[in-house]
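To start, the structure under review is shown below, and the notes come after it.
The values are calculated or read from the model by the stated rules, or taken from the named source; none is laboratory data. Values in this document were obtained by computation on a predicted structure and should not be read as measured data. Here the Cβ positions follow ideal geometry from the backbone for every residue, glycine too, while neighbour counts run over all protein chains shown.
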């Protein structure tokens, strides 16, 4: 009986850990509308960096991601580096603060490697076209 309790307790802990360890993948416009894309949980959010939105102050980078006409303010403690720039598709890992509506990111991935470009050329073209239009 003790062994059964230990096994059940251990199983519950493993399931809880694995459930919490999953980063749900969402587009900006799915936040709050798709199962798994709720505020407060760990997420990976995809969108385009909005032109004119990037700023850096005291080691904190802020910018706006947009997808399908929906904007999301992002706060990233650090400098994204690499090829991060306006008008490129990115995936930011972190949590959405339900009170402020700001996504607190702890990792930024620029989605412009050769494989991504081959699979998503139309998305890149749309992002670049949107950024080339006057604001």
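Descriptive notes on the structure:
- Residue count for the range 97-135, restricted to those that are modelled with pLDDT of 90 or more and in a loop (DSSP other than H, G, I, E, B): 6
- Among the residues making up the range 70-96, those that are modelled with pLDDT under 95 and either out of contact with any strand residue (DSSP E or B) (no Cβ under 8 Å at 6 or more places or on another chain) or more than 16 Å from residue 25 (Cα to Cα) (or both) are 77, 78, 79, 80, 81, 82, 83, 84, 85, 86, 87, 88.
- Failed condition for residue 65, given (1) surrounded by 15 or more Cβ atoms within 10 Å (Cβ to Cβ); (2) over 15 Å from the mean Cα position of the chain (by Cα); (3) free of Cβ contacts under 8 Å to residues at least 60 places away in the same chain: (2)
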